[in-house]
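Quick notes on the structure that follows.
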Amino acid sequence: MMATHPRLGEHSPAKRVGSEVLQYICSFLAVREYTGLRNPGALDFLNCFLQRLFFSQELRASIYAEEASLSSIPGAIQRVLVQLALSHDTVSTKPVTDAVHRACDDLGEFMQSCFEYLPRRARELCEGQTIFHYKASCCGNTSERSGGCWCCLPIKIRRHSILQNEIRRHSSLEHALTAGFASEDIDGYRCDACGATSILQRRSGLSKVPPLLQLELKRYEFDFCTSTQVKLMDYMEIPREICMRRWCGGCAIHGSHEDVPESEAGAGCCDGVFTLEALVVHTGPSAESGCYSLYAQSFENGEWYKAVDSRVEHIPASEMDALIKHELCGGAGGQKTSVATHLFYRGSALSAGGEVEGGPRAGSDCCALRMELVERHPDLEQPLEQHP
């Protein structure tokens with residue numbers, strides 16, 4: 001007699017036939033178990049970073065496909081991701097911390113710019129570029145200057161106006177982006193074209209939007225009165241979907257995506273919509289205390305999971321909707337201490353099976369790439385405890 005399984009109940013799969021059996025098994029396996037990471041102390045953000053790489057299909061595939069020395073940071077990340085895929089026990093992050101200390105001697109420096117230490121293919125997936133546009137009021141002369149590259153676009157929740165002596169709070173991501181890319185006038189500019197002194201208008205925009213968009217909500221600011229870091233609990237809406245076209249290239253100059261010439265739109269202009277696939281949350285009353293956790297959607301089954309160091313638990317869709325809409329946005333007079341600090345979005349081009357130049361295709365089989373990686377480095381399958 002078949003024993004009753006806590007999830008199967010008294011219904012036996014043997015009594016089902018054809019497509020019903022397949023549907024039944026698929027529903028049983030829909031919620032899989034994931035492995036957590038050990039935290040020897042104050043490394044919860046590092047664990048969130050590594051779990052983010054593991055839950056992203058494109059990032060995991062790009063890291064698996066990289067040719068890297070196992071003693072380097074990319075090689076150490078490869079080792080941890082392989083163990084997350086194979087191990088049933090919590091995985092140690094010691095290979096990564098050891099590699100970081102060898103490379104930059106400062107774990108804090110690594111955490112400030114952790115995405116810049118990714119392999120080239122993975123970094124290109126989340127690397128964007130900012131551009132500045134200048135226009136002189138005297139003769140209309142225009143010029144451009146690159147604003148540099150970024151892997152996490154900073155989003156200010158508050159903006160301090162020194163001249164008006166006020167604090168502007170942004171309650172939505174769209175408002176914060178619009179304020180961040182707003183134009184400003186610079187007085188006393190001497191025009192290079194006509195030599196006249198006039199007002200220079202500066203407007204910033206995005207010359208490149210990466211297929212994996214990563215936003216850092218600036219939840220911490222320095223309080224000059226107390227000389228301490230303060231955690232901002234202000235309300236910030238977390239959209240499930242966002243279109244970045246209005247802040248791209250020529251769209252930023254015109255202030256709208258309508259009637260923008262194709263030549264001015266730039267390669268950074270994107271018609272697709274970005275969909276939320278993960279977010280990092282800080283829980284705690286202040287910047288000096290608390291812990292980080294990751295909420296991520298699995299590309300393997302579409303389910304949401306919460307990773308807190310060694311614990312990875314499944315989050316039902318209805319509960320995740322409530323968390324995103326109400327619990328992780330802040331507000332409520334600062335009573336909600338669990339607030340999102342990083343938002344990760346996936347472009348519609350990847351969802352449609354698009355390709356990234358120089359990297360594996362969006363639909364790359366992570367399992368096949370992992371097997372190829374293990375063939376190159378067989379010791380990756382061995383438990384990390386055997387690698388001091």
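The values are calculated or read from the model by the stated rules, or taken from the named source; none is laboratory data. As the structure is a computational prediction, the values presented were derived from the model and not from experiment. For neighbour counting, all protein chains shown are included, and Cβ atoms are generated from backbone atoms with ideal geometry for every residue, glycine included. All accessible areas refer to the heavy atoms of the entire protein, side chains included, with ligands and DNA or RNA removed. Shrake-Rupley method; radii C 1.70, N 1.55, O 1.52, S 1.80 Å.
Figures for the structure shown
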{"quantity": "Candidate set: the stretch 318-334, residues that are surrounded by 15 or more Cβ atoms within 10 Å (Cβ to Cβ) and assigned to a helix (DSSP H, G or I); chosen: the one nearest to the chain's Cα centre (by Cα)", "calculated": "ILE324"}
{"quantity": "Residue count for the stretch 207-243, restricted to those that are under 30 Å from ARG121 (Cα atoms) and in contact with a Ser or Thr (Cβ under 6 Å, 6 or more places away or on another chain)", "calculated": "3"}
{"quantity": "Pair list, Cβ under 6 Å, 6 or more apart: the stretch 104-119 residue under 15 Å from CYS48 (Cβ atoms), other residue in a helix (DSSP H, G or I) and modelled with pLDDT under 75", "calculated": "PHE110/CYS104"}
{"quantity": "Residues satisfying the stated conditions in the stretch 274-317, i.e. in a loop (DSSP other than H, G, I, E, B) and out of contact with any Gly (no Cβ under 8 Å at 6 or more places or on another chain)", "calculated": "PRO285, SER286, ALA287, GLU288, SER289, SER298, PHE299, GLU300, ASN301, GLY302, GLU303, PRO316"}
{"quantity": "Residue tally, condition surrounded by 16 or more Cβ atoms within 10 Å (Cβ to Cβ) and either among the aliphatic types (A, V, I, L, M) or out of contact with any Asp or Glu (no Cβ under 6 Å at 6 or more places or on another chain) (or both), over the stretch 274-289", "calculated": "10"}
{"quantity": "Index of the failed condition, LYS306 passing every other in (1) at pLDDT below 95; (2) under 21 Å from LEU215 (Cα atoms)", "calculated": "(1)"}
{"quantity": "Condition broken by LEU118, with the remaining ones in (1) open to solvent by less than 10 Å² (accessible area, probe 1.4 Å); (2) at pLDDT 90 or above; (3) over 17 Å from HIS377 (Cα atoms) satisfied", "calculated": "(2)"}
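Per-residue answers, yes or no, for (1) out of contact with any Phe, Trp or Tyr (no Cβ under 6 Å at 6 or more places or on another chain); (2) at pLDDT 85 or above; (3) over 23 Å from ARG52 (Cβ atoms):
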| residue | (1), (2), (3) |
| --- | --- |
| LEU125 | yes, yes, no |
| SER146 | yes, yes, yes |
| CYS149 | yes, yes, no |
| LYS156 | yes, yes, no |
| GLU166 | yes, no, yes |
| HIS170 | yes, no, yes |
